[in-house]
Amino acid sequence: MDIDTQILVKSAAFVGAGLAMGLGAVGAAIGEGYTAAEANGAVSRNPELSGDIFKNMLVGQAVAESASIFALVVAILMLFLGVPLNNLLNGAALLGAGICMGFGAVGSGIGSGFPGGQACVGIARQPAVTPRLTTNMLIGSAVCQTPAIFSMVVALMLIFMGFDKAPLGPTWAALVGAGFSTGLAAIGSGYGGGLAAGASCEGISRQPESVGNVTTVMLVGQAVAQTPSIFGLLVSFILLFKRFPESYELQSAMALLGAGLCMGFGGIGPGVGNGMAAEGAVKWVARNVKRSGELMRIMLVGQAVSQSTAIYAMVVALVLIFVV
């Protein structure tokens, strides 16, 4: 049975939409469940504050839900937008968009749940600092959503950019690779940023006077934890905007697809590791504010070493794009 171009592009849109929303639902649900679990423990510890804890839980869950809402928007666009069906590259782009948004929502959804849950616990422990905890939770959770936003940007570019003048081979592999690069790299950065944000809420509840130092260290740690997703975004942009000479040799396509996979998977561990380093620094700054400068310095050195593996992945990805 012959399968025409229109059927292939529609099929890619359907699979991409399924991946976007299916994977996009994973992280948000886990993050929201974590927040609810910690809220239950907080209410058990201080039942008189159940109303405040409940409200904080819902706010935290709403932020964690954002990543899945991004995925829903991308999935609906792919299902109902009416992308031209006469070019197979549009099918590759739609599949790449679904991969990018689906994976890109996982880490941000889970990570946003950590500050939400720890803020609920902190309210039960220190009711007087509820406003500070809520503010810190919102800031930390918002930063956790950054990798998901990167993924949505790349997904929308894949959906709306025109590829009529580009050759099918090896451009199809570049488009799918672009989806993998940003989507996978976003997992570690979203999760790692959540570790730092959760530790900051826990630290403020233990030592309210440390809020300034704790927030500063949290934001610096989160900023470094975001860099693997930025590397993934950079590689995706190169794959999207570089024009590759027409070639239908398998190795040309696999080099571009491999570049996206290399940077995507290579960004997961460094994002998580950087978040762990930030989590430790934030937690101990709250306990020993006088040593905040020294703790931040150790955190940054540790993060730099952890970050080196993401740089190695980016170098290999660039070699695959420009040299191989």
(message) Condition first: of a type in the set (V, I, T) and free of Cβ contacts under 8 Å to residues at least 40 places away in the same chain. Now tell me which residues in the stretch 224-277 satisfy that.
(response) none
(message) Which condition from (1) in a helix (DSSP H, G or I); (2) of a type in the set (A, V, I, L, M, F, W, C); (3) surrounded by fewer than 19 Cβ atoms within 10 Å (Cβ to Cβ) is the one that F244 breaks?
(response) (1)
(request) Report, by residue number, each residue of the stretch 187-212 that is surrounded by fewer than 24 Cβ atoms within 10 Å (Cβ to Cβ) and either aliphatic (A, V, I, L, M) or touching a Ser or Thr at 6+ places or on another chain (Cβ under 6 Å) (or both). (result) V211
(request) Could you tell me which of the residues G293, G275, G260 is modelled with pLDDT of 95 or more, assigned to a helix (DSSP H, G or I), more than 26 Å from D164 (Cβ to Cβ) and among the small types (G, A, S)? (result) G275
(request) Pairs only if they're at least six apart or on different chains, beta carbon under 8 angstrom, first in the stretch 284-303 and closer than 11 Å to G221 by Cα, second charged (D, E, K, R); list them, first residue then second. (result) none
(message) Among the listed residues A62, A29, A39, identify the single one that is surrounded by 24 or more Cβ atoms within 10 Å (Cβ to Cβ) and part of a helix (DSSP H, G or I).
(response) A39
(message) Exactly one condition in (1) surrounded by 24 or more Cβ atoms within 10 Å (Cβ to Cβ); (2) among the hydrophobic types (A, V, I, L, M, F, W, C); (3) within 28 Å of A142 (Cβ to Cβ) is false for L256; which is it?
(response) (3)
(request) Please find, among G18, G51, the residue that is surrounded by fewer than 15 Cβ atoms within 10 Å (Cβ to Cβ) and in a helix (DSSP H, G or I). (result) G51
(request) Return yes when V316 is without any contact (Cβ under 8 Å) to a residue 40 or more places away in the chain, out of contact with any Ser or Thr (no Cβ under 9 Å at 6 or more places or on another chain) and assigned to a helix (DSSP H, G or I) and no when it is not. (result) no
(request) Kindly establish whether F114 is among the aromatic types (F, W, Y), in contact with a helix residue (DSSP H, G or I) (Cβ under 9 Å, 6 or more places away or on another chain), within 19 Å of V153 (Cβ to Cβ) and modelled with pLDDT of 95 or more. (result) no
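The values are calculated or read from the model by the stated rules, or taken from the named source; none is laboratory data. Computed from a predicted structure; not experimentally measured. Counting neighbours? That spans all protein chains shown, and the Cβs are built from the backbone with ideal geometry, glycine included.
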